[in-house]
Amino acid sequence: MSVALHEEHAHDPAHIRKVAMWVFLGSECLLFGTLISTFLLYRTRTGSGPTAADVFDIPFTSVSSFILLMSSLTMVLAHHSSVRKDYRQMRLWLVATALLGVTFLAGQVFEFTEFVHEGLTVTTSPFGSSFFVLTSFHGAHVAVGVLMLLVTALMSFTGKWRPDAGMDVELVGLYWHFVDIVWIVIFTVVYLLQV
Amino acid sequence: MAQQRPHPRPRDYWVVALILAVITAAEVSVTYIDFLDAAVAPMLLVMAAAKFAIVVGWFMHLRFDAPMYRRLFLIGVIAAPILFAAVLFSFGVLIG
């Protein structure tokens with residue numbers, strides 16, 4: 001980074017917030033890296049419980065993945081609308097993103113319920129524990145993202161919408177896209193490569 | 001910021017989303033093709049890496065924003081596989 005660039009933005013609050021978000025996302029890579037490593041370590045230790053091939057429903061999870069992937073499109077369109085100060089469109093895309101996120105979460109709840117019925121729980125085997133911990137952590141991140149999206153959309157209805165609020169949408173967007181890229185890795189490593 | 005490129009337009013985002021959808025469909029399809037066998041895993045990893053790079057570059061704007069953000073994120077992205085290898089080595093080989 002050049003000194004000039006650093007000095008130019010050193011006191012810009014928007015820049016500082018964005019740097020903080022990127023540092024946070026970088027640290028989140030380590031969190032999910034650890035959880036995925038743990039899953040890979042225990043993926044074959046199924047004990048007397050079901051294996052990945054026994055319980056995973058790839059067509060169903062593929063649809064969930066597609067939904068989350070498309071929520072990144074609606075999110076980036078929300079950000080684009082906020083940059084153009086078209087707040088009506090921005091709210092529309094934010095709510096659409098939240099709805100897609102809720103649909104993904106509903107799919108995950110359904111999937112977990114099916115797994116439990118088929119005998120895979122968090123205590124069944126090391127495979128079950130590492131799978132549920134990893135995917136639940138990701139689900140919790142999606143849930144937090146949905147809350148952030150809804151709060152941002154609701155705030156835009158109030159008179160407290162600041163001139164620099166576009167940065168709020170950008171930061172929520174960065175978090176949301178990160179949740180999406182983590183799922184890209186989970187979908188491949190945890191689901192597709194195990195069946 | 002002199003090093004920034006102009007950001008994409010909504011039409012570009014729709015095209016990127018279409019590419020991501022096609023790659024996802026290809027990922028699922030290759031798992032059903034029996035004769036690919038040993039080639040499936042590398043193909044899936046390459047496609048996942050492509051999707052990861054597209055979302056980070058286009059939707060998260062790392063292609064277009066200041067290089068500083070890219071460097072900050074890369075620290076985490078590079079450190080994660082190192083941590084990944086360390087965990088697998090420690091528990092898989094050293095501890096068993």
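Would a scan of the range B:35-45 turn up a residue that is closer than 19 Å to A:LEU171 by Cα and among the β-branched types (Val, Ile, Thr)? Explain how you work it out, then say what you get.
Going residue by residue through the range B:35-45, those that are closer than 19 Å to A:LEU171 by Cα are none.
No, the range B:35-45 contains no residue that is closer than 19 Å to A:LEU171 by Cα and among the β-branched types (Val, Ile, Thr).
Which of (1) touching a residue at least 12 places away in the same chain (Cβ under 8 Å); (2) within 18 Å of A:ASP180 (Cβ to Cβ) does B:ARG5 not meet, given it meets every other one?
(2)
For B:HIS7, only one of the following conditions fails: (1) closer than 30 Å to A:MET167 by Cα; (2) more than 10 Å from chain A (Cβ to nearest Cβ). What is its number?
(2)
Suppose we filter B:LEU74, B:LEU88 for residues that are closer than 19 Å to A:LEU25 by Cβ, assigned to a helix (DSSP H, G or I) and not hydroxyl-bearing (Ser, Thr, Tyr); which single one remains? Don't jump to the end; show me each part of the working.
Details: B:LEU88 fails: closer than 19 Å to A:LEU25 by Cβ.
Just a single option satisfies the conditions, and that option is B:LEU74.
From the list A:LEU150, A:LEU154, A:LEU105, A:LEU94, exactly one residue is more than 14 Å from every other protein chain (Cβ to nearest Cβ), surrounded by 15 or more Cβ atoms within 10 Å (Cβ to Cβ) and over 26 Å from B:ILE54 (Cβ atoms). Which is it?
Numbers: A:LEU154 fails: surrounded by 15 or more Cβ atoms within 10 Å (Cβ to Cβ); A:LEU105 fails: over 26 Å from B:ILE54 (Cβ atoms); A:LEU94 fails: over 26 Å from B:ILE54 (Cβ atoms).
Result: A:LEU150 is the single residue among A:LEU150, A:LEU154, A:LEU105, A:LEU94 that is more than 14 Å from every other protein chain (Cβ to nearest Cβ), surrounded by 15 or more Cβ atoms within 10 Å (Cβ to Cβ) and over 26 Å from B:ILE54 (Cβ atoms).
For the range B:67-82, check the following and say yes or no: at least one residue is among the basic types (Lys, Arg) and in the same structural domain as B:ARG5 (by TED's automatic domain parsing). Before the answer, list the steps.
Within the range B:67-82, the first condition is being among the basic types (Lys, Arg), and the residues that meet it are B:70-71.
If we keep only those that are in the same structural domain as B:ARG5 (by TED's automatic domain parsing) as well, we get none.
No, the range B:67-82 contains no residue that is among the basic types (Lys, Arg) and in the same structural domain as B:ARG5 (by TED's automatic domain parsing).
Which residues, counting only those in the range B:33-61, are more than 9 Å from every other protein chain (Cβ to nearest Cβ), surrounded by 17 or more Cβ atoms within 10 Å (Cβ to Cβ) and either without any contact (Cβ under 8 Å) to a residue 12 or more places away in the chain or not in a helix (DSSP H, G or I) (or both)?
none
The values are calculated or read from the model by the stated rules, or taken from the named source; none is laboratory data. These numbers were taken from a predicted model, which means no experiment stands behind them. Virtual Cβ from ideal backbone geometry, glycine too; neighbours counted across all protein chains shown.
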